[in-house]
Structure formats: C-alpha cells, structure tokens
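Structure record follows, encoded as structure tokens.
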Amino acid sequence: MSPLKVLVYGLFIFTYAVACKAQPHNLAAQSEQAAIKVITSGELSAEMEVKAPAREAWDIFATLKLIDVVVPSIFKEIKVLEGDGGVGTILDLIFYSGAPFSSYEERIHKVDERKMSKEIDVYRGGFLEVGFNMFRIRWDVEPKSKTSCITKVTLEFDVKEDSVANISYVSIQPFIGMMKAVSNYLAKNQRSLQHTPNV
C-alpha cells in the first residue's frame, strides 16, 4: 500500500469573551470584555506516493480522465456541464447517500502544466449553500523518481462567522480516496503493460 501522509494545517480556534471586573480602592467598579476572535478559514492537505511517473499521474489529474477513474468508486456520477477539461470547465459532482451534500458544481480555476498543479473552486451549491464564502481544491503532482511521484491535495476554505460550525462538513477523506483510486488505476495499467506479450 502506498504510504500516506496527512498534514493538517488548519486549526479552528474559538476564543470566548471573558468579562473582567476591576475594583481598585476609591475607583468605581469597571468591567472589561476581551475581544472575540474566530478563525473562519483554514487549509487541509494530504499526500500519497504513487508508483508511476509524474507525467502519467498528471495526465489523469489534469484531464477528464479523472472522471472514469473515480466513478463509480468515489462518486455516483460526474457530469460535464461545460468545457473540455481545461480552465473554465464546469462539472456537476453527484454523491452517494450519506454524504453531506447530494451534489455540487465545481469549476476548474487554474491549470499549470509546467508545475503540474490544478485548482478547482466549488461553483454552485454544496459548501456555498451552508455559509462558505469559498471552497477550493488544489491537486499537485511532484516527481520523486523516474518511476514514482507524490500526489497531493490541498483544501482551502473560508466560511462566514455565523456559519463557522459548518466547518465540520469539511473532510479530506473523499480526496484521499481519489488519490488511492488514481494510484490503483496506474498500478493496474503498469501490470497490464508488463504482461502484454511482444508482437
């Protein structure tokens, strides 16, 4: 099994207001209240080693081939509403029952072929319906050797203060599942190539 390393960068801190009263001699009682500071944005990241060249992994993450790899194992269905897989492409992700959302639409925001990096924003529904200002997914592929690479997913989000409890909807597990699906797909293809007889 490919080693998995989960890095959690976002820490959600809630600071409660504290009322303090001071009563020094010959002075009227005074009270001072601490300011409330709520962290409403965060970042989660996970990475996995894949036993395949970086360009082979990137060829999946960067294109619509990813749909065939993660449906139906991770998602019930993914519909291409607009585009060909490049910047501006809009996808409708449909989840299985039990997920926080039945579906949401996402739009490919940025693709960097040289750095092998891709950014996707939730475009309609899902997190945006429960108080999030922004929810972004970034995929990165980094070469490790000629025959292996590191795939990484980073979730960035920002939520309104009155909806901060909905941060609990954020889970990186489905995206880890996507990386595992890609890793298994590439491993299977490598085995098929190794066992294909020469003509």
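Does I94 meet the test of being at pLDDT 95 or above, closer than 17 Å to M48 by Cα and not small (G, A, S)? It is false that I94 is at pLDDT 95 or above, closer than 17 Å to M48 by Cα and not small (G, A, S).
Residues in region 134-164 that are surrounded by fewer than 16 Cβ atoms within 10 Å (Cβ to Cβ), within 15 Å of the chain's Cα centre (by Cα) and not charged (D, E, K, R): 1 in all. Selection of region 130-167 for residues being without any contact (Cβ under 8 Å) to a residue 12 or more places away in the chain and outside any strand (DSSP E or B) yields only A165. Exactly one residue out of L81, L66, L91 is closer than 20 Å to K152 by Cβ and outside any loop (DSSP other than H, G, I, E, B): that is L66.
Across region 32-75, the qualifying residues are those that are of a type in the set (G, A, S), more than 18 Å from M178 (Cα to Cα) and in contact with a Gly (Cβ under 9 Å, 6 or more places away or on another chain), and the one among them that is modelled with the highest pLDDT is G42.
The values are calculated or read from the model by the stated rules, or taken from the named source; none is laboratory data. All values reported here derive from a predicted model rather than from experimental measurement. Ideal geometry is used to build each Cβ from the backbone, glycine not excepted, and the neighbour counts take in all protein chains shown.
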